[in-house]
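The values are calculated or read from the model by the stated rules, or taken from the named source; none is laboratory data. Model, not experiment: these values are computed from the prediction. Cβ coordinates were reconstructed from backbone atoms using ideal geometry, including for glycine residues, and neighbour counts include every protein chain displayed.
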Amino acid sequence: MNLVGRRLLTLPLLFLFTIALTATLPLWLLVAVLMALFVPAARAAPRVLLFVTVFLWCETVGVIASTWLWLRDGRSSDATIRERFLERNFELQFWWADTLKRSAAFLFRLRFDVQGDADLDGDGVIMLPRHCSIGDTLIPIVYYCSRHVRRLRYVLKRELLFDPCLDIVGNRLPNYFIDRKSHDTSSEVAGIQALTHDLPPDHGVLIYPEGTRFSAAKRDAILARLEARDPDLAERARAWDRVLPPRTAGPLGLLAANPGRDIVFCAHTGFEGSASFSTLFNGSWLDTHVRIRFWRVPFAEVPAESEALRDFLFDQWDRMNLEVARLQDGPAT
């Protein structure tokens, strides 16, 4: 679906759902409370309903604010105004992510513990985080971009274009929406590598090496495919019991095009039970202690040769699996 057709579908639906849910919220809240009382698998239904309401309003306010920004500055060809326009869109992205994080923390009584925060100091980086949930996508914006006043260019799956805010603001900012079903791998890698061009000092690039959210079923399916085409990698990947084997084309293409930035990895735990909105209903997020661990690898320690770069990524994924295990097995404080 092209841009115009997509937005003609998603924007009216967003406003319709937001207004309808808000107008009927007391009724739905009563239904959610009854579900929580009598259906064990829906014990968090009232909290999920309120979070969905906040999400829809974040989207709606984001669309309205992005429209105002475009009317004010978006049509100008003046370089200074265009720079201000991009900066305001980055700030709108920060507000969206931070509001969702604060709302989730309040409604689900989440606690956050960040380790390795000092490794986020300095110029922009190439960031490679673990991915297991819809919730962990907020971590880089909240704990790196906002706190350290840095900008990240994202590699995102194209399906996210059906999120109106990500569609509008995400396409204004220097991101790349990858087509995971494309057979033209070289073209997709070139699109990822283009994000490294003309990086200002405070800009970096983020890619999720796993390419999708972790689950035991996905891990088993990937291991089966690896067993058929790359038994040596399959043997090594069996030790990664807390993460998916990283896809190599995108991450290695990004690292190969790295213009000199350090690499930051992000391990975390606590979001595993929320791979989708539907899984939130069972209360898996309630009173969760989210633990996050960053670590930095200087650019000088990143090999340039392709085979060595592949080994580097796998070595770091050994550590990623170990860090996730340490965080998951840590004291329940």
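Residues are listed down the side, and each one gets a yes or a no for (1) of a type in the set (Asp, Glu); (2) on the phi > 0 side of the Ramachandran plot; (3) under 17 Å from the mean Cα position of the chain (by Cα):
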position: Leu92; (1), (2), (3): no, no, yes
position: Phe106; (1), (2), (3): no, no, no
position: Leu110; (1), (2), (3): no, no, no
position: Asp117; (1), (2), (3): yes, no, no
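For Trp96, the criteria (1) surrounded by 15 or more Cβ atoms within 10 Å (Cβ to Cβ); (2) over 18 Å from Gly283 (Cα atoms); (3) modelled with pLDDT under 95; (4) not β-branched (Val, Ile, Thr) hold in every case but one, which is (3). The single residue among Leu195, Leu138, Leu156 that is out of contact with any Lys or Arg (no Cβ under 7 Å at 6 or more places or on another chain) and surrounded by 14 or more Cβ atoms within 10 Å (Cβ to Cβ) turns out to be Leu156.
Residue-by-condition table, conditions (1) touching a residue at least 24 places away in the same chain (Cβ under 8 Å); (2) among the acidic types (Asp, Glu); (3) assigned to a strand (DSSP E or B); (4) under 22 Å from Asn2 (Cα atoms):
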{"position": "Glu188", "(1), (2), (3), (4)": "yes, yes, no, yes"}
{"position": "Pro201", "(1), (2), (3), (4)": "yes, no, no, no"}
{"position": "Val205", "(1), (2), (3), (4)": "yes, no, yes, no"}
{"position": "Ala217", "(1), (2), (3), (4)": "no, no, no, no"}
{"position": "Arg225", "(1), (2), (3), (4)": "no, no, no, no"}
{"position": "Glu235", "(1), (2), (3), (4)": "no, yes, no, no"}
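For Val54, the conditions (1) surrounded by fewer than 19 Cβ atoms within 10 Å (Cβ to Cβ); (2) touching a helix residue (DSSP H, G or I) at 6+ places or on another chain (Cβ under 8 Å); (3) modelled with pLDDT under 95; (4) not polar (S, T, N, Q) are fulfilled apart from (3).
Pick out the one residue from Leu244, Leu252 that is modelled with pLDDT of 90 or more and assigned to a helix (DSSP H, G or I). So the residue among Leu244, Leu252 that is modelled with pLDDT of 90 or more and assigned to a helix (DSSP H, G or I) is Leu252.
Matching residues to (1) touching a strand residue (DSSP E or B) at 6+ places or on another chain (Cβ under 6 Å); (2) crowded, with 21+ Cβ neighbours inside 10 Å; (3) at pLDDT 95 or above:
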site	(1), (2), (3)
Arg150	no, yes, no
Val189	no, no, yes
Val205	yes, yes, yes
Ala216	no, no, no
Arg225	no, no, no
Pro231	no, no, no
